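Here is the structure we will look at.
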Amino acid sequence: MDHRRLLSKAAGALSALAAAHLLLPSALAAAPKRLDCSLTNLETTVGPKYEAEAENRPITVVFDEEAKTLAVYQDGNRRVLDHVTITQISINGYIDEISLGIDMSSWSIVLQTYKPNSMSAEFGACSQSAKPPP
């Protein structure tokens with residue numbers, strides 16, 4: 001076999017490997033991801049009254065970067081959020097009285113709940129989970 005044919009076959013094989021490598025991460029990114037979160041601080045505002053306390057409440061967040069979907073599992077309930085934005089920096093979404101934001105560099109989370117004349121903000125941290133979404 002001459003060198004040109006060998007080089008051509010090697011270049012073709014390398015191109016195929018490079019293409020497979022580029023496709024693999026995007027295929028993995030397409031799967032929904034699960035975050036297990038712990039809300040550790042609660043701040044409540046009712047009219048002019050403000051209260052802060054410590055808490056330890058687990059929630060699960062499932063997001064799909066490609067489909068731009070975001071769901072929150074808390075207290076046995078599932079809430080699918082609208083107005084979802086997922087970037088390399090953050091995950092955000094809201095629906096009705098719930099607003100959620102996650103900083104992807106630190107996995108810090110804020111979950112805000114709005115009610116007539118009051119607002120609560122819960123803060124905490126998340127970690128990526130190998131468990132399947134609920």
Original post:
Within region 30-45, is even one residue β-branched (V, I, T) and farther than 17 Å from G124 by Cβ?
Top reply: yes
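Table: residues versus (1) surrounded by 14 or more Cβ atoms within 10 Å (Cβ to Cβ); (2) without any contact (Cβ under 8 Å) to a residue 24 or more places away in the chain; (3) assigned by TED's automatic domain parsing to the domain that holds G47.
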residue	(1), (2), (3)
H83	no, yes, yes
I86	yes, yes, yes
N92	yes, yes, yes
L100	yes, no, yes
S105	no, yes, yes
Q112	yes, yes, yes
P116	no, yes, yes
A125	yes, no, yes
Original post:
So which of V72, V61 ends up being within 22 Å of P132 (Cα to Cα), touching a residue at least 60 places away in the same chain (Cβ under 8 Å) and out of contact with any Pro (no Cβ under 7 Å at 6 or more places or on another chain)?
Top reply: V61
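For region 74-117, give me each residue that is hydroxyl-bearing (S, T, Y) and within 15 Å of P58 (Cα to Cα). Steps first, please.
Taking region 74-117 and keeping what is hydroxyl-bearing (S, T, Y), we get 85, 87, 90, 94, 99, 105-106, 108, 113-114.
Listed by number, the list holds a single entry, S108.
The values are calculated or read from the model by the stated rules, or taken from the named source; none is laboratory data. These numbers come from a predicted model, not from an experiment. Glycine also receives a Cβ, built like all others from the backbone with ideal geometry; neighbour counts cover every protein chain displayed.
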